[in-house]
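Participant: Below is a structure I'd like to ask you about.
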């Protein structure tokens, strides 16, 4: 509902875009804006204003001019000016109200008022502006209303303040402050939405300051600087009131999502009402895979004085039993190559794997060598690549977690923290703290372990983990009655014996590796199978005449980016393949990785690009030289050839002219094997002028050449006769 003389403020516009309703004539309302020296009435449908209020686009706010002054607190000059203006405005408002509200008749009405009162039209406009803006009352016409007069006394409120009384009164009449009405609550909600729930993460106290600036202060200009004067404390909500209502309607999920991110809420603040084990029904139902960077620096296996950086650790863990089912420790990744190596290790017999590092175990210590039903992984490594092969050929489902949701792989994440924590305490070169202080020793200088030694450490940590009791594991009744100790190995064996069998075995590791290797497209050409800028040949391609019949078509191939010596053409059954080997044209890349091949090819392209620039420079310079020669020849022709010659004269005797020119050229081109003695240069003096005469050999002038040419031509012409 729209009320007469109510002040409203738009929340999606400037802070001081306020208006006051000065008249209501259903269905029209008239209002003035509360800024500007001359603000004239405007009209609008009441329904539009009411809809904006209901949508909370327009908020009802406290009247910024709602003050009562006692005449005893005002000066005689203020009273005189107020009364003079009031006499004119009140009489004119009663007589000319309808004409002043309408834009078409307003100017004429103001002119009549100015003529009758003897005041200027501009002064009348300013007087009415104060009258409308400041409450349509007599004291609205006080000069400089906001800053003049004695100490303000607050008007009596229709209701006494509810709630606990303040310890100290905030005004001379003992006013205790304002009540929190629905309008005030909407103001609170507005500033919280506009300022608090933003990425800038301003504090609640700063949000309260914005509340006062938006709704409970007056704007003024001092020395060209815009400032705000906050109202008396008795006319504004306190910070405690603001804080109380904020906490009452607080939405932590929305606050964290808008101030930080929704990912942050899901990762650190969402309710945890279940556990990962509830999502499985036995070993092999779900494996979690993840990678981390080891908190240790390693040295080269060839020279321990060379630090090679930090290793990458990939781990795969069974959700049901918490057993580590696959690992990869190396320098690949985090990437698909690292994940590929971990998946390959997942199906490897762990007894054989440990023997490679001189660690002797029996199968009961690490019995995992199977494929799972589902793999939970990050988007980074498992989007694209060969995931489709795993799904289609090996019947493995891939569940990619959302970005920055490490909590969805909480089991493997927690195991990584344990491994890194033990590494820090046991090994030299480990990262001891995130930031080093000045003067601290650089822990990288203490690095002593090479990659193989670090792999042995990780294996021992995994073996220890598989035998460790898992605290707070949700044991089933059958586990309790059988006296089961909750270690990963025991849970794995009990689950295989008592739960559904989800594990799959791999008889041929090449089948798995074919489904793990990255895929690409190779183009068949007359020069061979072109892939990544390299050319390969295959016996099958020759036998089936691919280079002739399938020219300019492409086929799917598998490749290992760690060595590009060969690529593989998979068979449709997914179990066999043909091998393609590098041709002689690409043998310079033998033994190189894909990164090295791309690096060399980029260098080649850069060199070509630089050479193309030089070629263009040479072309430009050659064109300029040619243009200069042509221009000089054309100018020489204009100066030496008579314009009167007609076409027949110019084209006559071309053959004779050629013979004469050939004879002249032979004089210059002929070989002379006898060295000519150097000519002695002497100075020649003119006896009359006593000046030196230039003795250099004069060049043949065009006129002499022409004469000689004509003579030769005549001779040849005479012979031909």
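Participant: Which members of region 354-381 meet the condition of being at pLDDT 90 or above and surrounded by fewer than 18 Cβ atoms within 10 Å (Cβ to Cβ)?
Facilitator: 355, 356, 357, 358, 359, 360, 361, 362, 363, 364, 365
Participant: Return yes or no: is residue 384 in a helix (DSSP H, G or I), at pLDDT below 70 and in the same structural domain as residue 454 (by TED's automatic domain parsing)? Step through it out loud before you land on a result.
Facilitator: Working: in a helix (DSSP H, G or I): no; at pLDDT below 70: yes; in the same structural domain as residue 454 (by TED's automatic domain parsing): yes.
Answer is no for this residue.
Yes/no per residue for (1) outside any strand (DSSP E or B); (2) without any contact (Cβ under 8 Å) to a residue 24 or more places away in the chain; (3) surrounded by fewer than 22 Cβ atoms within 10 Å (Cβ to Cβ):
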position: 288; (1), (2), (3): no, no, no
position: 305; (1), (2), (3): yes, yes, yes
position: 316; (1), (2), (3): no, no, no
position: 329; (1), (2), (3): no, no, no
position: 339; (1), (2), (3): yes, no, no
position: 344; (1), (2), (3): yes, no, yes
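Participant: Taking only region 596-649 into account, find how many residues are closer than 30 Å to residue 564 by Cβ and not in a helix (DSSP H, G or I). Show your work before the answer.
Facilitator: Narrowing region 596-649 to residues closer than 30 Å to residue 564 by Cβ: 596-612.
Next, from what is left, pick out any that are not in a helix (DSSP H, G or I): none.
Final tally of qualifying residues: 0.
Participant: Answer yes if at least one residue in region 270-286 is modelled with pLDDT of 65 or more and within 34 Å of the chain's Cα centre (by Cα), and no otherwise. If you could, list the steps in order and put the result at the bottom.
Facilitator: At the first step, the residues of region 270-286 found to be modelled with pLDDT of 65 or more are 280-286.
Right, trim to within 34 Å of the chain's Cα centre (by Cα) and you get 286.
Looking for residues that are modelled with pLDDT of 65 or more and within 34 Å of the chain's Cα centre (by Cα), one finds at least one in region 270-286, hence yes.
Participant: Residue 514 - would you say it is part of a loop (DSSP other than H, G, I, E, B) and within 41 Å of the chain's Cα centre (by Cα)?
Facilitator: Values: part of a loop (DSSP other than H, G, I, E, B): no; within 41 Å of the chain's Cα centre (by Cα): yes.
In short, no.
Participant: Still on this structure, please answer the following. Could you please let me know if residue 600 is surrounded by 10 or more Cβ atoms within 10 Å (Cβ to Cβ) and in the same structural domain as residue 541 (by TED's automatic domain parsing)? Reasoning before the result, please.
Facilitator: Working: surrounded by 10 or more Cβ atoms within 10 Å (Cβ to Cβ): yes; in the same structural domain as residue 541 (by TED's automatic domain parsing): no.
No; evaluated as a whole, the condition is false for this residue.
Participant: Here's a follow-up. In the list 65, 96, 31, which residue meets the criterion of being closer than 20 Å to residue 228 by Cβ, over 45 Å from the mean Cα position of the chain (by Cα), crowded, with 16+ Cβ neighbours inside 10 Å and assigned by TED's automatic domain parsing to the domain that holds residue 189?
Facilitator: Numbers: 96 fails: closer than 20 Å to residue 228 by Cβ; 31 fails: closer than 20 Å to residue 228 by Cβ.
Result of the check over 65, 96, 31: 65.
Participant: Between a first residue in region 445-460 that is assigned by TED's automatic domain parsing to the domain that holds residue 327 and at pLDDT 90 or above and a second residue that is in a loop (DSSP other than H, G, I, E, B) and surrounded by fewer than 18 Cβ atoms within 10 Å (Cβ to Cβ), which pairs have beta carbons less than 6 Å apart while being 6 or more apart in sequence or on different chains?
Facilitator: So the pair list comes out as 456/357; 459/359.
Participant: Given the residues 142, 58, 110, 101, which is the only one that is under 24 Å from residue 7 (Cβ atoms) and modelled with pLDDT of 85 or more? Let's see the steps before the verdict.
Facilitator: Values: 142 fails: modelled with pLDDT of 85 or more; 58 fails: modelled with pLDDT of 85 or more; 110 fails: under 24 Å from residue 7 (Cβ atoms).
Just one listed residue meets the conditions, 101.
Participant: If you go through region 245-261 one residue at a time, do you hit one that is modelled with pLDDT of 80 or more, in contact with a helix residue (DSSP H, G or I) (Cβ under 6 Å, 6 or more places away or on another chain) and surrounded by 14 or more Cβ atoms within 10 Å (Cβ to Cβ)?
Facilitator: Yes, the conditions are met somewhere in region 245-261.
Participant: Mind checking whether some residue in region 603-615 is under 30 Å from residue 554 (Cβ atoms) and more than 38 Å from the chain's Cα centre (by Cα)?
Facilitator: At the first step, the residues of region 603-615 found to be under 30 Å from residue 554 (Cβ atoms) are 603-609, 612.
Pick out the ones that are also more than 38 Å from the chain's Cα centre (by Cα) and you get none.
Among the residues of region 603-615, not one is under 30 Å from residue 554 (Cβ atoms) and more than 38 Å from the chain's Cα centre (by Cα), which makes the answer no.
Participant: In this structure, does residue 89 turn out to be surrounded by 15 or more Cβ atoms within 10 Å (Cβ to Cβ), over 22 Å from residue 232 (Cα atoms) and at pLDDT below 85?
Facilitator: Working: surrounded by 15 or more Cβ atoms within 10 Å (Cβ to Cβ): yes; over 22 Å from residue 232 (Cα atoms): yes; at pLDDT below 85: no.
Answer is no for this residue.
Participant: Consider region 65-119. How many of its residues are in contact (Cβ under 8 Å) with a residue 12 or more places away in the chain and either touching a strand residue (DSSP E or B) at 6+ places or on another chain (Cβ under 6 Å) or at positive phi (or both)?
Facilitator: Number of matching residues: 2.
The values are calculated or read from the model by the stated rules, or taken from the named source; none is laboratory data. Here the structure is a predicted model, which means the values were calculated and not measured. As a convention, Cβ positions derive from the backbone with ideal geometry for all residues, glycine included, and neighbour counts pool all protein chains shown.
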